[in-house]
Amino acid sequence: MLTVNAYAATSATEPLAPTTIERRDVGPHDVLIEIKYCGICHSDIHFVRGEWGPQTYPVVPGHEFAGIVTEVGSEVTKHAVGDRVGVGCMVNSCRECANCLKGEEQYCLKGNTLTYGAPDKDGTRTQGGYSTHVVVTEDFVVRIPDGLGLDEAAPLLCAGATTYSPLRHWGAGPGKKVAVIGLGGLGHLGVKLAHAMGAEVTVLSQSLKKMDDGLRLGADHYHATNDPATFEKLAGSFDVILNTVSGNVDRGAYMNLLALDGAFVTLGASSEPEISFPTFAVAANRRVFTYSLIAGIRETQEMLDFCAEYGIGAEIEVIPAEKINEAYERVLASDVRYRFVIDIASLA
Ligand code: NAP
Ligand code: ZN
Ligand code: ZN
């Protein structure tokens with residue numbers, strides 16, 4: 001066992017605080033990773049505050065991190081000591097159901113093992129990347145390509161994967177119009193990725209405050225959703241809409257912005273009661289209303305390689321661990337440009 005420094009939530013209401021946790025011994029198929037950077041995802045906040053249901057504390061959050069392999073198990077073939085690697089939202093899955101066999105472990109029919117707050121195979125609970133080291137089975141560790149800094153790469157492991165997967169699935173590319181609702185952690189990467197894929201990209205943000213940034217990140221158009229005229233002007237426009245808002249939105253109003261066979265894809269994971277929408281909002285234009293969850297391991301690697309090819313990293317604000325609670329409040333106030341990343345050296 002290895003005792004490591006970490007930052008943990010001890011209840012749904014207390015601020016996160018420094019602690020130590022145990023990491024298991026490196027098994028034959030495991031790698032030990034010295035974590036260098038870990039992003040703060042809005043899901044960390046939903047989770048530790050019990051918004052998705054009661055949790056077992058302490059919880060060390062963090063499911064988008066990058067670091068260096070410092071030890072490998074005797075049977076490991078995919079990674080070697082010194083490799084630059086990353087881990088996202090899952091650390092295992094059943095590996096034998098139809099969805100796992102397709103490489104879509106995020107939809108594992110038996111339930112995958114989430115990176116933190118989940119029961120692990122050995123009876124312990126998983127603990128995430130707000131910590132100095134982690135032991136993960138090699139198949140759930142991906143390679144960070146040279147050319148991507150570990151700090152800017154960390155948020156790609158969740159926010160990048162979560163936006164890349166639906167953009168690919170729903171055919172974002174040349175000749176397609178993509179809208180991204182919410183310019184936060186997921187949203188800003190959705191804009192960069194959709195632009196790199198060749199789509200015409202529109203940001204739909206609450207106000208015009210971040211317009212310069214949105215256009216710099218690759219958007220062709222930028223509209224404020226607090227202006228009702230936006231919904232009239234853009235009716236029937238988009239092939240794909242990514243909804244990255246952490247709370248509820250008026251789905252009917254956004255569905256009406258889809259063109260024929262367009263897809264409204266919700267990524268945001270609000271715990272608030274959902275707002276229903278009229279059937280005709282879907283029936284008109286044969287629209288699709290759907291959700292998407294992170295990405296499988298193979299697609300996460302594909303996304304990282306794509307990001308390296310197009311020079312895409314997250315826009316980050318690097319913070320020491322003692323600023324995690326302050327960062328949470330800023331995320332909740334939509335005051336993040338555009339991802340907080342914890343410098344894990346501050347935990348050593
Ligand atoms: P974030 O950085 O807080 O970004 C969310 C953005 O939504 C904000 O920056 C803001 O953008 C907009 N927004 C916030 N409150 C709003 C409101 N009341 N009305 C309209 N717009 C609002 O969060 P994130 O880390 O990107 O995560 C976004 C959501 O995705 C969270 O719910 C998270 O749990 C979820 N998530 C899901 C998956 C998945 O697999 N499906 C993976 C990761 C995260 P503007 O200021 O531009 O309006
Ligand atoms: Zn996340
Ligand atoms: Zn499975």
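The values are calculated or read from the model by the stated rules, or taken from the named source; none is laboratory data. Since the model is a prediction, treat every value here as computed from it, not as a measurement. Methodologically, a virtual Cβ is constructed for each residue, glycine included, from the backbone with ideal geometry; neighbour enumeration extends over all protein chains shown. When the accessible area is computed, the model is the full protein with side chains, heavy atoms only, and any ligands, DNA or RNA have been set aside. Shrake-Rupley method; radii C 1.70, N 1.55, O 1.52, S 1.80 Å.
If the Cβ limit is 8 Å and pairs must be 6+ apart or interchain, which residue in the range 102-113 that is of a type in the set (Val, Ile, Thr) pairs with which residue that is away from ligand 2 (no atom under 16 Å from the Cβ) and open to solvent by less than 70 Å² (accessible area, probe 1.4 Å)?
Thr113/Asn92; Thr113/Ser93; Thr113/Asp120
How about the range 291-301: which of its residues are outside any loop (DSSP other than H, G, I, E, B) and in contact with a helix residue (DSSP H, G or I) (Cβ under 8 Å, 6 or more places away or on another chain)? Talk me through it step by step, then tell me what you get.
Taking the range 291-301 first, the residues outside any loop (DSSP other than H, G, I, E, B) are 291, 297-301.
Scanning the range 291-301 gives Ile297, Glu299, Thr300.
Which of the strands (runs of 3 or more DSSP E) found entirely inside the range 73-186 contain at least 3 residues meeting this: away from ligand 2 (no atom under 15 Å from the Cβ)? If you could, list the steps in order and put the result at the bottom.
Details: elements: 84-87, 90-92, 133-137, 177-181.
Correct list: 133-137, 177-181.
Quick one: which residue in Glu309, Glu329, Glu315 is open to solvent by 10 Å² or more (accessible area, probe 1.4 Å) and in contact (Cβ under 8 Å) with a residue 60 or more places away in the chain?
Numbers: Glu309 fails: in contact (Cβ under 8 Å) with a residue 60 or more places away in the chain; Glu329 fails: in contact (Cβ under 8 Å) with a residue 60 or more places away in the chain.
Answer to the selection: Glu315.
What's the number of the condition Ser276 fails, among (1) part of a loop (DSSP other than H, G, I, E, B); (2) under 23 Å from the mean Cα position of the chain (by Cα)?
For Ser276, the failing item is (2).
Name the residues in the range 1-53 that are surrounded by 15 or more Cβ atoms within 10 Å (Cβ to Cβ), of a type in the set (Phe, Trp, Tyr) and farther than 30 Å from Ser74 by Cα, would you?
Answer for the range 1-53, where residues must be surrounded by 15 or more Cβ atoms within 10 Å (Cβ to Cβ), of a type in the set (Phe, Trp, Tyr) and farther than 30 Å from Ser74 by Cα: Tyr7, Phe47.
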